[in-house]
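Structure record follows, encoded as structure tokens.
The values are calculated or read from the model by the stated rules, or taken from the named source; none is laboratory data. No experiment lies behind these values; they were computed from the predicted model shown. Positions of Cβ are generated from backbone atoms using ideal geometry, with glycine treated the same way; all protein chains shown enter the neighbour counts. The protein model used for the area step is the full one, side chains on, heavy atoms only, and it has no ligands, DNA or RNA in it. Shrake-Rupley method; radii C 1.70, N 1.55, O 1.52, S 1.80 Å.
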Amino acid sequence: MRYILRRLGFYLVAAWAAVTLNFFLPRLMPGDPATALFARFRGQLSPEAMEALRETFGLTEAPLVKQYLTYLGHILRGDMGISVAYFPSEVSGVIATGLLWTILIAGTAVVVSFAIGTTLGIIAASRRGSWLDNVMPSVLIFVGSFPYFWLAMVVLFIMGFTLRWFPLGHAYSDNLTPSLSLEFISSVLTHAFLPVATVVVATLGGWLLSMRNNMVSVLGSDYVNLAKAKGLKPARVIMRYAARNALLPSVTGFGMALGYILGGSLLTEIVFSYPGQGYLLVQAVRNQDYPLMQGIFLMITLAVLGANLIIDVVYLWLDPRTREIGR
Amino acid sequence: MKANSQETTASVWVEAIRKDRKATAGAIIIGIFLLIAIAGPFFVGDPHEPVGIPLQPPSRSHLLGTTGQGQDVLAQVVVGTRMSLAIGFCVGIIVVMVGALIGITAGFFGGWVDSVLSLLINVFLVIPGLPLAIVIAAYLPSGPLTLGLVLVITGWAWNARVLRAQTLSVRRRDFVAAAVVTGESTLRIVSREILPTMTSLIVAQIIGSTVYAIGAQVGLEFLGLGDVATVTWGTNLYWAQNDSALLMGAWWTFVPTGLCIALVGFGLTMLNSGFDEITNPHLRLERVWRAFLGGLGRLPEPSTPVVRIAE
Amino acid sequence: MNEPVLKIENLSVDYVSGETLVRAVDRVSLDVKPGEIVGLAGESGCGKTTLAKAILRILPPPAIITGGKIEYGGKDILEINEGELRNLRWQKISIVFQSAMNALNPVIRVGEQITDVILAHKSVSPDEAYDRARQLLEMVGIHPIHINSYSHQLSGGMRQRVCIALALALEPEIVIMDEPTTALDVIVEREILNQIKDLQARLGFSVIYITHDLAHLLQFSHRLAILYAAHIAEIAPTQELRENPLHPYTQKLMRAMPSLAQSEVKPETIPGTPPSLANPPPGCRFHPRCDRAIEICRREKPPLVEKATNHLVACHLVS
């Protein structure tokens, strides 16, 4: 329990750091922040939008500390200001429209890829010298060397554009309205398939290789050696004694890779015009919609922190040593 | 003495790369791309110049076809190599330098310095890099400098973490403890005693960070956060997406650039696989063992193999 | 004397190192009789752990067995297949590793690590296996409540006792003990040694006991083999060896022991370091450290010859 509380404390600090970064970024722009920011938008935005922007960043005449506290207050209430691109919608509302889609794509992709890659890593390590051990990692590393969004473009070009097996974009058919009908769900699944598959294929090699290398280390350990000496079945030695322990560093790596993979997944959404955070992000960049951009940054950070907390709980369950040592 | 020992480490690397087939392949790929980056631009035309009908498929006059603006794709790929690799390698090196500075400081001094720096490292590790990079880049004037800056900000933490752990373990060794007791200056201890123990790790990190830098740079430029007027691999893909090349079936506008990115990333990763064995000795032990058995036409077995050659 | 249960003949083990092989065990012969405690002593790096693990063929890469015979139950362990090997392991021959900390899997409960071996070899129900595991723990003086503990929750001594209980789980004929007390403090070490002696007397299994500490072996082994740089230097019944050590290395080892009887005699140290196995000296491997070395020692490897009944020694000076 102490372990989880410590991690929770750390995530709170990280969240606070992200919020603070968000607050100071507009103020770090060269020159007077308010003037600089507004100079950029003059003529582009209506006076109402300008006022919304001022409000969002708390760019008032008040002292910095007071501005900061006001900003913290807003964030705590879930108020991230008004979007410029989708004026006069609130940033939180705009983000909410894409949150589930991103979680669907990125979450599924990350879990599926980790599961498949790790399993392949175990097999590769236990069948050293097989094609799965010799050829497969190199092939997957090569595929993983392409930018995710580029793979997305190729996949879309072949499977969507040329072969017409899959839709070219969006989260579900335009002629459907969201409901729990079979038709809608199958539409969502066919639309999600390519984006998910792209991210899975791009990240598979990394998991395979790290698990295989962990396995090779663990297979040389005394406890695996003893398990062999015990005359246990090879499958039990591999799974229960080796893979079980080799999984630990992989799970730690999973937490750390999450943010990175999410980044790639966001870019993939753009290619598929998938209405998630990535798509909103590119709208924000194109329209210089700083409140939306920063809102998305904050939201994604919080999502990653939350996911990491879940991973910590899993790790706690996997490694009994963490249960006592408050590490 | 000093030069001599450096020579030996250099030859150790050459040896490590030469011995590992994957590392050799990686080194060759990277060598070719460096050549393209340096000399290539002199052999192709101006990549900005519209030279033909937009979105022409590959032909004799334009080997890789033309873009949506009627520019030569080959020229764009070749010229883009220079900028993309330059940013990639520079950022790769700076990222490791920043990581080393912070990581080694934290590991060497320990105590509250370590606590504060570790917290900083961990916070930067857990905050997702791409969204942070986008937010920062959006506020700054676009261009290579901005790009480099945000890539360094979002990329240093991983290296710092690894080097901190390494410093901690080296710090505990006798020869470092002895140097501390005899009152040698910190800078001297770090540069003479600690850094030499981590050279292979640092080289591996530079290679890994370059892979990261190229990938992240391409991603940011694809979003339009680079200077869209300069020709780089990322802006090539940005324009391909912007000109709806995909929906026009113009695969040649994005396939060559993507292949180049992947080949460089793959080459660097393969090059690094030679270093894997330095950090994970089990891999090397296993490899020589398997090679030996393979030489006798034997496959590895779960139990210690019996090869009767001593009789 | 009855027939040996285990007969090792001319066993050689090599480590693959780059393009060359490093021989860690060189044509070693040793047999173990029922109920016998055979001691195997030598400095670290002399190949004793390699020998121990080679018997069960659990040496990890880059090791290979390059020759010899290990006879057990009428079969050569080096020739049997994986299935037969699995049956032999633990049921017939079990092992206690040097570091119990590393030998126990940190993320699996002690109980499961004992019961899985019982369930793998015997047709019993899981409940019966757990009952047996509790008995085993009690037998080595550990409260059965620890059946649900993880190894990090136990003290060093307790961990090693768990490993001993584990080794006895299937009542094997031979238990190999590879420096089981090295990682422990002196008091715990004494307790565990006494326990091993007791259990051995009660259950009657054979022991191959490996250590760098000759003093232990002189106290409780029946027969003793001295290993030096991958070779057997001397092998004799313990009583005989204590009274009449023939090999200069054995003699030096004896004098290097702190003597309890004559506390005023300072233990000697053996000058020099053990040779590297990658590049061993020619002739007798001990000659660079031997103050009585003569010309032939530098040239010829001394053969192992029987000087007295069951007393074998490899030294030119003796023959």
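Any idea what log10 I(q)/I(0) is at q = 0.09, 0.11, 0.14, 0.19 Å⁻¹ for region A:80-222, Debye with uniform C-alpha scatterers and no solvent?
Here the Debye-derived log intensity ratios amount to -0.41, -0.58, -0.81, -1.11.
For C:Ser155, put the label point 7 Å out on the Cα→Cβ axis and report which residues of region C:94-137 keep their amide N under 12 Å from it.
What the label zone holds, given the 12 Å backbone N cut-off, is no residue at all.
How tilted is helix C:126-139 with respect to the longest principal axis of chain C? Cα atoms for both, answer in degrees (0 to 90, nearest 10).
That works out to roughly 50 degrees.
Give me the accessible area per residue for region C:90-130, probe 1.4 Å, as a whole number in Å².
36 Å²
Enter the angle in degrees (range 0 to 90, nearest 10) between the Cα long axis of helix A:91-102 and the first principal axis of the Cα atoms of chain A, meaning the one along which they spread out most.
20 degrees
Mind listing the long-range amide H neighbours of C:Lys307? Cut-off is under 5 Å, sequence gap 5 or more, other chains count too, H placed in the peptide plane at 1.01 Å from N.
Here C:Leu312, C:Val313 satisfy the definition.
Students sometimes get this wrong: rank B:Asp174, A:Asp79, B:Asp20 by accessible area, probe 1.4 Å, all chains present, largest first.
In descending accessible area the options line up as B:Asp174, A:Asp79, B:Asp20.
Report, to the nearest whole %, how much of the accessible area of the protein assembly as shown belongs to carbon and sulfur atoms, 1.4 Å probe, protein only.
C and S fraction of accessible area: 62 percent.
Where is the GNM fluctuation largest for chain A (alpha-carbon springs, 10 angstrom cutoff): A:Gln283, A:Gln67, A:Gln294?
A:Gln67
Residues of region A:202-225 with accessible area at least 40 Å² lower in the all-protein-chain context than alone (1.4 Å probe)?
A:Asn213, A:Val216, A:Ser217, A:Asp222, A:Tyr223, A:Asn225
Excluding residues fewer than 8 places away in the same chain, name every one of the aspartates and glutamates whose C-alpha is closer than 13 Å to that of C:Lys33.
Cα-Cα hits under 13 Å: C:Glu3, C:Glu71, C:Glu173.
List every DSSP H helix in chain B whose Cα atoms extend 18 Å or more along the helix's own long axis and whose mean Kyte-Doolittle hydropathy is at least 1.6.
Membrane-span-like by this rule: B:21-39, B:73-109, B:111-126.
How long are the three semi-axes of the equivalent ellipsoid of the protein assembly as shown, in whole Å, if each is the root of 5 times an eigenvalue of the C-alpha gyration tensor, listed from largest down?
63, 31, 28
Can you pull out the buried accessible area for chains A and B, both sides counted, probe 1.4 Å, rounded to the nearest 100 Å²?
Buried area (both sides, nearest 100 Å²): 4900 Å².
Skipping prolines and chain starts, which residues have an amide H placed within reach, meaning under 5 Å, of the one on C:Ile208, given they are 5 or more residues away or on another chain?
C:Val38, C:Val175, C:Ile176, C:Met177
Can you give me the convex hull volume of the Cα atoms of region C:151-196, divided per residue and expressed in Å³?
Output value, Cα hull per residue: 72 Å³.
At q = 0.13, 0.15, 0.20 Å⁻¹, what log₁₀ I(q)/I(0) does region B:92-216 have when each alpha carbon counts as one equal point scatterer in the Debye sum?
With no solvent term, the Cα-only Debye profile gives -0.56, -0.70, -1.07.
Where does chain B land at 222 nm, in deg cm²/dmol rounded to the nearest 500, when only DSSP H runs of n ≥ 4 count, each adding -39500 (n - 2.57), divided by all residues?
-23000 deg cm²/dmol
Give the shape of chain B as rounded, prolate or oblate, defined through the alpha-carbon gyration tensor: a ≥ b ≥ c are the square roots of its eigenvalues, a/c under 1.5 means rounded, and otherwise the shape is prolate if a/b is larger than b/c and oblate if not.
Note, shape of chain B comes out oblate.
How would region C:41-105 be classified by its alpha-carbon gyration tensor: rounded, prolate or oblate, with rounded meaning a/c under 1.5 and the a/b versus b/c comparison settling the rest?
oblate
Between C:Asn148 and B:Ser200, what is the label-point separation in nm under the 7 Å Cα-to-beta-carbon projection?
4.7 nm
Each residue of region C:148-161 in order: what ³J(HN,Hα) in whole Hz does its phi give by Karplus 6.51 cos²θ - 1.76 cosθ + 1.60, θ = phi - 60°, with x for Gly and Pro?
Going residue by residue, I get 9, 7, 9, 4, 5, 8, 9, 6, x, x, 5, 4, 5, 5 Hz, with x marking Gly and Pro.
When the Kirkwood radius is taken over all Cα pairs of region C:110-175, what Stokes-Einstein diffusion coefficient follows at 37 °C and 0.692 mPa s, in µm²/s?
Stokes-Einstein gives a translational diffusion coefficient of 280 µm²/s.
What do you get for GluC sites (Glu not before Pro) in region C:16-75 restricted to DSSP loop and a cutoff of at most 13 other Cβ within 10 Å of the site's Cβ?
C:Glu19
Relative to the longest principal Cα axis of chain A, at what angle does helix A:290-318 sit, 0 to 90 degrees, rounded to 10?
Rounded to the nearest ten degrees, it is 30.
If you average 1/r across every pair of different Cα atoms in chain A and take the reciprocal, what Kirkwood value do you get, in Å?
Computed over chain A, the radius equals 22.5 Å.
Which three numbers, in whole Å and largest first, are the semi-axes of the equivalent ellipsoid of region C:200-319 derived from its Cα gyration tensor as √(5λ)?
Semi-axes from the Cα gyration tensor: 25, 18, 14 Å.
Put a dot 7 Å past each Cα toward the Cβ at A:Val313 and A:Glu183; how far apart are the dots in nm?
In this crude spin-label approximation the distance works out to 3.8 nm.
Need one number: buried accessible surface between chains C and A, 1.4 Å probe, both sides summed, DNA, RNA and ligands left out, in Å² to 100.
The summed interface area works out to 2300 Å².
Residues of region A:139-178: accessible area per residue at 1.4 Å, in Å²?
Heavy-atom SASA per residue in region A:139-178 reads 50 Å².
Suppose only helical runs count, i.e. DSSP H with n ≥ 4. What mean residue ellipticity at 222 nm does that imply for chain A under -39500 (n - 2.57) per run, divided by all residues and rounded to the nearest 500 deg cm²/dmol?
So the calculated ellipticity at 222 nm is -22500 deg cm²/dmol.
Starting from the Cα of A:Ser173, move 7 Å in the Cα-to-Cβ direction to define the label point; list residues of region A:188-215 whose amide nitrogen is under 11 Å from there.
Under cut-off, by backbone N: A:188.
Roughly how large, in nm² to one decimal, is the mean projection of the convex hull of the alpha-carbon atoms in region A:205-252?
Average projection, Cα convex hull of region A:205-252: 3.1 nm².
Checking buried surface per residue: for region A:227-247, which residues lose a minimum of 10 Å² accessible area in the protein assembly relative to the chain alone (1.4 Å probe)?
Residues of region A:227-247 that lose at least 10 Å² of accessible area once the other chains are added: A:Lys228, A:Ala229, A:Lys230, A:Gly231, A:Leu232, A:Lys233, A:Pro234, A:Arg236, A:Arg240, A:Tyr241, A:Arg244, A:Asn245.
Using only the alpha carbons, work out the radius of gyration and Dmax of region C:1-156 in angstrom.
Radius of gyration, then largest Cα-Cα span, for region C:1-156: 17.9, 52 Å.
Can you tell me the accessible area per residue over chain B, all protein chains present, probe 1.4 angstrom, in square angstrom?
Accessible surface, normalised per residue, equals 45 Å².
At q = 0.14, 0.16 Å⁻¹, what base-10 log of I(q)/I(0) does the Debye formula yield for chain C when every alpha carbon is treated as an equal point scatterer in vacuo?
-1.14, -1.42
P(r) tail for region B:1-126, what percent of Cα pairs lie past 19 Å?
71 percent
Quick check: convex hull over the Cα atoms of region A:52-141, volume per residue in Å³, rounded to an integer?
Cα-based convex hull of region A:52-141, divided per residue, equals 168 Å³.
Based on DSSP loop calls and a cut-off of at most 16 other Cβ atoms within 10 Å, the longest stretch of chain B free of exposed trypsin sites (Lys or Arg not before Pro) is what?
No qualifying site falls inside B:174-297, the longest such stretch.
What value, in deg cm²/dmol to 500, does the helix sum -39500 (n - 2.57) over DSSP H runs of n ≥ 4 give at 222 nm once divided by the residues of chain C?
After summing the helix terms and dividing by the residues of chain C, the value is -9000 deg cm²/dmol.
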